[in-house]
Amino acid sequence: MDFAFDARTEELRHKLLAFMDEYVHPAEQTAHEQRAALASPWDTPAVVEELKAEARRQGLWNLFFVDQHSLPDEEHGAGLTNLQYAPLAEITGRSPQLAPTALNCAAPDTGNMEVLAQFGDAAQQKQWLQPLLAGEIRSAFAMTEPEVASSDATNIETRIERDGDDYVINGRKWYISGAMNPLCQIFIVMGKTDPDGADIRRQQSMILVPRDTPGLTVARAMQVYGYEDHYHGGHAEVVFDNVRVPVGNLIGEEGGGFGIAQARLGPGRIHHCMRLIGMAERAIELMCRRAVSRTAFGKPLAQQGVVQEWIADARVAVEQLRLLVLKTAWLMDTVGNKGAHTEIQAIKIATPRTVVDILDKAVQLHGAGGVSQDFPLAELWAGARTLRLADGPDEVHQRSLARRELKRYL
C-alpha cells in the first residue's frame, strides 16, 4: 500500500481545506444563530443552502460515491475510490454538523443513495435517487425498533404484507436519523415479508415509503444524550399504521433485505470512522489551544505533565487509527467489502471508542467550558459515543471478529 495521496486526492484536499477555512468554520456560529430564529428547529438554516451551492460550484459534491464493484462511479459522484475519499471525509469530520451536508455526503443519505444505485430499478432511481444526488430532498433509513434488540436484525418485527398490487406495512421504528427534517421525503423501511421462513436471513425485505403516505406518522424526536441533533434532521420515532404502497416500491426482491442491509452498512461504517478521525483532530487542536492559553498552579497547562501525556497519547492514537482506516479503504477498493470484512469490523470497534476517550480528555482540559455550548466538544462527544451503538454495537462486531479468528484453530 502506498501511503502517499495521489494527485487527484491532493488537489481535492487542498480545495476542501480552503473551503472549510473560508466557508464552513465561519458558518458554524451563523448556522446556530439562524436556527434559533427559525419557526421550527428542524428547518434548514439559510447558510446551509449557501454552503451547498458553493460546494457544488467548487466541484466538492457527492464525493463519497463508489460503485458496488469498488470502482470510481463518475455517473453519480466525483469518481473517487474509498482510499481517495478517506482523507476528504476526515476533513469534513472537523465540522460534522455542517460539512458533510454541505458536500451532500451526510448520512443517512449516502447509504440510501448507494442502495438505490445498486439495488433500485430505473423508476426508483429516477424518482428518488436523482433528487437525492442533486441535494433537493433528504431521506431516512428505518430499521431500528424499540420493542426488540435490533442489534440482531433478524429480530425486527415490522410487517410488510402483500395485498394485491400493494404492500401493507405495520410497525414502529425509532432513532430514524433525518426523519424530523421537512426535506426528508422518502424512507427506506426494513421489515419482514416472510416471518415464518426457514432461513432467518431471507425473511426481511426493504421497501420505499414516501413521507406523505397515509398511515406514516413521525411521532417524536428522540434525544441523544440530551441533544436533538437538529443539523442532521434528528432521530425520530416513526409509526407505520396500515401504510399502503405499490409493489413497485419494493427494493430488489422479497427476502433480499438482509443482504441489502449488509451491503449498505459496510461503506457507512467506514465513512463514520473517517469522519471520527477528523473529530479527534479538532479535539487535539482545541486541547493544544486551551493548554497554551490557561494557567493553573503557577504554570501554563501546557507545562503540566498530565496534559502533555493526554496530547501525546491522542496523537499516537489518531495516527494508528488513520492507518487502519486507510488500509481498510484500500482493501475495499482492491478486494471488495467482503474481503475487507475483518478490517471494517476492527475500525468500527476501535475508532469510536478511541475518539470518545480523546474527546473526554479534551472536555476535561476545558473544565466547565468543555461541557458547555460555547465549545463543540460535548456535542462531538455525544455523537462519537453514539457511534459505539450505531451500525452495530461494539459487542456485535467483537463477537463476529472473534469467531473469525477462532475459526482458524477449530
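None of the figures in this text is laboratory data; all of them are computed from the coordinates on show. All figures in this text were calculated on a predicted structure; none of them were measured in a lab. Every residue, glycine as well, gets a Cβ built from its backbone with ideal geometry; the counts of neighbours run over all protein chains shown.
Karplus-derived 3J(HN,Hα) values for region 320-335, using 6.51 cos²θ - 1.76 cosθ + 1.60 with θ = phi - 60°, are 5, 4, 4, 4, 5, 5, 5, 4, 4, 4, 4, 5, 4, 6, 9, 10 Hz; glycine and proline are entered as x. Where does the charge balance sit around Ser150 when Lys and Arg score +1, Asp and Glu -1, over other residues with C-beta under 14 Å from its C-beta? Surrounding charge for Ser150 is -4. According to the Kirkwood expression over distinct Cα-Cα pairs, how big is the hydrodynamic radius of region 61-188, in Å? So the Kirkwood estimate lands at 16.1 Å. Here's the thing: no lysines lie within a cross-link span of Lys299, going by alpha-carbon distance under 16 Å and ignoring same-chain residues fewer than 8 apart. Computed from backbone phi with θ = phi - 60° and the Karplus coefficients 6.51, -1.76 and 1.60, the 3J(HN,Hα) list for region 83-91 is 5, 6, 6, 3, x, 6, 4, 4, 4 Hz; x is used for glycine and proline.
With the simple spin-label model, which puts each label point 7 Å out from Cα in the Cβ direction, the His25 to Asp2 separation comes to 3.0 nm.
Here the chain is scanned for chymotrypsin sites (Phe, Trp or Tyr not before Pro) in DSSP loops (not H, G, I, E, B) that have at most 13 other Cβ atoms within 10 Å, and the longest stretch holding none of them is 4-224. Considering region 1-139 at the alpha-carbon level, its Rg and Dmax are found to be 15.5, 51 Å.
Each residue of region 177-183 is assigned a 3J(HN,Hα), and the resulting list reads 5, x, 5, 7, 6, x, 6 Hz, derived from the Karplus form 6.51 cos²θ - 1.76 cosθ + 1.60 (θ = phi - 60°), x at Gly and Pro.
Once you charge only the Cβ atoms, +1 for Lys and Arg and -1 for Asp and Glu, what is the size of the charge dipole of the chain about its Cα centre, to the nearest 20 debye? Walk me through the intermediate numbers first.
Numbers: 42 positive and 54 negative charges, 224 e Å.
Using only the charged Cβ atoms, the result is roughly 1080 debye.
Of Cys105, Cys273, Cys288, the residue with the greatest mean-square motion in the GNM of the chain, using alpha carbon springs below 10 Å, is Cys288. Counted by neighbouring Cβ atoms within 10 Å, the residues Thr213, Thr144 run from fewest to most as Thr213, Thr144. Once backbone amide H atoms are built at 1.01 Å from N, Trp174 has Thr144, Glu145, Val238 as its partners under 5 Å, excluding neighbours fewer than 5 places away on the same chain.
Could you calculate the FRET efficiency of Leu410 with Glu49 from 1/(1 + (r/R0)^6), where r is the beta carbon distance between them and R0 is 45 Å, rounded to 0.05?
On the way: r = 56 Å, r/R0 = 1.24.
About 0.20, to the nearest 0.05.
One way to sum up the overall shape of region 138-251 is the equivalent ellipsoid from its Cα gyration tensor, whose semi-axes run 24, 17, 10 Å, largest first.
Multiplying the sequence separation of Arg159 and Thr342 by 0.36 nm and subtracting their Cα-Cα distance, what value in nm do you get? Show your work: numbers first, answer last.
On the way: separation 183, 0.36 × 183 = 65.88 nm, distance 3.22 nm.
Net length gain for the segment: 62.7 nm.
Could you give the length gained on full extension between Asp194 and Glu309, defined as 0.36 nm per residue of separation minus the Cα-Cα distance, in nm?
Stretched out fully, the Asp194 to Glu309 stretch lengthens by 35.9 nm.
By the helix-only formula, in which each DSSP H run with n ≥ 4 contributes -39500 (n - 2.57) and the sum is divided by residues, the chain has a 222 nm mean residue ellipticity of -15000 deg cm²/dmol.
Under the convention that each Lys and Arg Cβ holds +1 and each Asp and Glu Cβ holds -1, the size of the dipole of region 319-410 around its Cα centre is about 560 debye. Exposure proxy for His32, His235: other Cβ atoms within 10 Å of each Cβ, ordered fewest to most, give His32, His235. Quick check on the chain: of the DSSP beta bridges with both residues there, what percent are antiparallel, nearest 5%? Beta bridges within the chain, antiparallel portion: roughly 85 percent.
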